Amino acid sequence: MTILQIDFFYFLEKLLLIGGVITFSLIIAMYTTYAERKVAAVLQDRLGPNRAGPFGLLQPLADGLKLFFKEEIIPLTSNKLLFVIGPALAMITAMLTSAVIPWGSSVNIFGRNVSLQIADVNIGILYVFGVVSLGVYGIMIGGWASNNKFSLIAAVRGASQIISYELAMGLSLIALLMMTGSLSLKTIVEQQMNGAWGGFLGWNVLYQPLGFLIFLICAFAECNRTPFDLPEAENELNFGYHQEYSSMKLGFYLFAEYINMFISSAIVATLFFGGYDIPFVNETTLAHTLGGNVVALLGVAALLAKISFFLFFFMWVRWTIPRFRYDQLMDLGWKKLIPLALANMLITAIVILWLNK
Amino acid sequence: MSIVEILFWFLTALALFGALMVVFSKNPVHSVLWLISVFFSISGHYILLNAQFLAIVNMIVYAGAIMVLFLFVIMLMNMNTESEPQKSKWLRIAASLSGGSLMLVLVAALKDTSGRVTGVFKLDGNIGLIKNLGQVLFTDYVLPFEISSVLFLSAMVGAVLLGKKETNSIIS
């Protein structure tokens, strides 16, 4: 069926994939809040949520319902339209990045080869950076529209933190891109899968450990997670840019943070840990015995396992390390991470030139 | 109409509407936000031309960095119509006249080009992709490219110097 030069089955396939990925991200983010409380409880020798449902598994639902039923307050002096747009933008930019992440190789459904990636654009990483740089607007607009000086100052604080760490993040990836020679996330994953030991020796983290470390630190700062959660430092800086928000709008801001965590874990896993590569297993030989679809689904499971580990790491750090002071944060970003990333880039370039000679 | 044409007209309408709203908005913060929507629609045009790199860099640099700085300044200064001094009537008339004549010249210059432009698609559909762009930048245009990067470096050094606390040692 082709109308307007579009294959409508292709259209439907992509639409289903987008719906699936977004629903999936939301559910994962929902249960990340639950996992965060459980991990915090374990680290602090408590029980954590255990009242709603078995093991407290319905706790995220209860939290969501609570937020929906709370009174919605829009301050009289605020800019009403922008006040509503702010949290919506935060959610949208959090979800947008999932479009270029390869969630798995392709599956065969009714004779159609369906790629488990929404869009394999050849500028995948740059797209991620484009969306990340837009993430600032949710914070800025929300903070300004509240018409409260504490919100505004917190918004400026948050925005300058995100902009500062974006630089180091981009520089740390240039070394990786020099090795892979491609900006497409799918190509990067496929290159890693071709390594020895069933792909394990191809993982970029083995060749770019410093780049990985810088990227991870920057990902923490971009997600506003502890030790860099200054935009929402409630005890010493009078809460953050969402100070005037209540009800589900506040929920959106807080929820966007968990989606960001999930997506950045997925990107770290894709760029440095082989994406949907199953370590120590050769996927092509396995596909002969088990069938392509099963192997593709196993790949998705492998990616999810890697993502879960990084989500756990995010929480582990949050409940272990205290918050940075603002000048320390800027110092780390501008005076330590950026020179380190530049040095990493230079060394990688020299090694690549030396090996190619 | 093909899908490309539909998208083209949609993006064009969006870009023009956004640009007009930049001018007509009373609130400078709204102007900046409309300007961002203009950059988005222009990025869409780049994607229609298969220049994906240009599209995304336009978004990262303009929408993601420069406009954020604009927003910083405007939000912190809290400008609005009551507190800002208004320009005199003659200045406004002169500005619209000169702007209008610039538009006239541009329209006159572009009026006859429609037949002469050879579309990028006809040359090679892949010409805007990052591989080709990088090759052109580092072979044919390597000197202008390097000179402009030196310019950026000097601007950066200048900004750092200006931002430093003024002490007597710098002056003397």
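The values are calculated or read from the model by the stated rules, or taken from the named source; none is laboratory data. Owing to the predicted nature of the structure, the values given are computational and were not obtained by experimental measurement. Glycine gets a Cβ as well: all are built from the backbone with ideal geometry, and neighbour counts include every protein chain shown. The accessibility values were calculated without ligands, DNA or RNA, using every heavy atom of the protein model including side chains. Shrake-Rupley method; radii C 1.70, N 1.55, O 1.52, S 1.80 Å.
With a 1.4 Å probe and all protein chains left in place, how much accessible area per residue does chain A have, in Å²?
For chain A, the solvent-accessible area averages 47 Å² per residue.
Shape verdict for the protein assembly as shown, please, from the Cα gyration tensor: rounded (a/c under 1.5), prolate (a/b greater than b/c) or oblate.
Judged from the Cα gyration tensor, the protein assembly as shown comes out rounded (a/c under 1.5).
What are the lysines whose alpha-carbon lies under 16 Å from the alpha-carbon of A:K249, with same-chain residues fewer than 8 places away excluded?
Straight-distance partners of A:K249: A:K66, A:K70, A:K80.
With just the Cα atoms defining each centre, how far is the stretch B:1-74 from the stretch A:164-228? Give it in Å.
Taking the Cα centre of the stretch A:164-228 as reference, the centre of the stretch B:1-74 is 30 Å away.
On full extension of the chain, what length is gained from B:L76 through B:F8, given 0.36 nm per residue of separation minus the C-alpha to C-alpha distance?
20.8 nm
Show which lysines lie in cross-link reach of A:K186 when reach means a straight Cα distance below 24 angstrom and same-chain residues fewer than eight apart are skipped.
A:K14, A:K306, B:K131
For A:I278, what residues show an amide H to amide H distance below 5 Å, using hydrogens built from the backbone and excluding near sequence neighbours?
Hits under the 5 Å cutoff: none.
Residues of the stretch A:116-145 that become at least 50 Å² less accessible with every protein chain present than in their own chain isolated, using 1.4 Å: which are they?
By number: A:N122, A:I123, A:L126, A:L134, A:Y137, A:M140, A:W144.
Read phi for every residue in the stretch A:146-156 and hand back ³J(HN,Hα) as whole Hz from Karplus 6.51 cos²θ - 1.76 cosθ + 1.60, θ = phi - 60°, with x for Gly and Pro.
5, 6, 9, 5, 5, 4, 5, 5, 5, 5, 5
For the stretch A:22-130, which GluC sites (Glu not before Pro) pass both filters: DSSP loop (anything but H, G, I, E, B) and at most 16 other C-beta atoms within 10 Å?
Those satisfying the criteria are A:E71, A:E72.
Tell me which GluC sites (Glu not before Pro) from the stretch A:221-316 have a DSSP coil assignment and no more than 15 other beta carbons within 10 Å of their own.
A:E234, A:E236
Taking each pair of distinct Cα atoms in the stretch B:1-78 once, what is the resulting Kirkwood hydrodynamic radius in Å?
13.1 Å
Suppose we compare each residue of the stretch B:21-62 in its chain alone and in the full protein complex with a 1.4 Å probe; which ones drop by at least 10 Å² of accessible area?
Residues passing the criterion (a loss of at least 10 Å², heavy atoms only) are B:N27, B:V29, B:H30, B:L33, B:I36, B:F40, B:Q52, B:F53, B:I56, B:M59, B:I60.
Taking a temperature of 37 °C and a viscosity of 0.692 mPa s, what whole-number D in µm²/s does Stokes-Einstein yield for the stretch A:205-357 with Rh from Kirkwood over alpha carbon pairs?
Roughly 181 µm²/s, to the nearest whole number.
For the A and B pair, go ahead and give the buried accessible area with a 1.4 Å probe, both sides summed, in Å² to 100.
2200 Å²
So how tilted is helix A:338-356 from the main axis of chain A? Cα-based, degrees 0 to 90, rounded to 10.
0 degrees
Percent of accessible area on the protein assembly as shown owned by carbon and sulfur, 1.4 Å probe?
73 percent
May I ask you to give the solvent-accessible area per residue for the stretch B:27-78, in square angstrom, as obtained with a 1.4 angstrom probe?
In whole numbers, the stretch B:27-78 has 43 Å² accessible per residue.
Calculate, in nm to one decimal, what B:F138 and B:M103 gain on full extension: separation in residues at 0.36 nm each, minus their alpha carbon distance.
9.1 nm
So what's the gap between the Cα centers of the stretch A:1-76 and the stretch A:93-162, to the nearest angstrom?
Cα centroid to Cα centroid, the span is 17 Å.
Evaluate the distance, in nm, between pseudo-label points positioned 7 Å from the Cα of B:D112 and of A:V300 along their respective Cα→Cβ axes.
Rounded to a tenth, the inter-label distance reads 6.0 nm.
Suppose R0 equals 35 Å. What FRET efficiency, 1/(1 + (r/R0)^6) with r the Cβ-Cβ distance, do A:R46 and A:L167 give to the nearest 0.05?
0.35
Which sequence of B:K26, A:K306 reflects their accessible areas, 1.4 Å probe, from the largest down?
B:K26, A:K306
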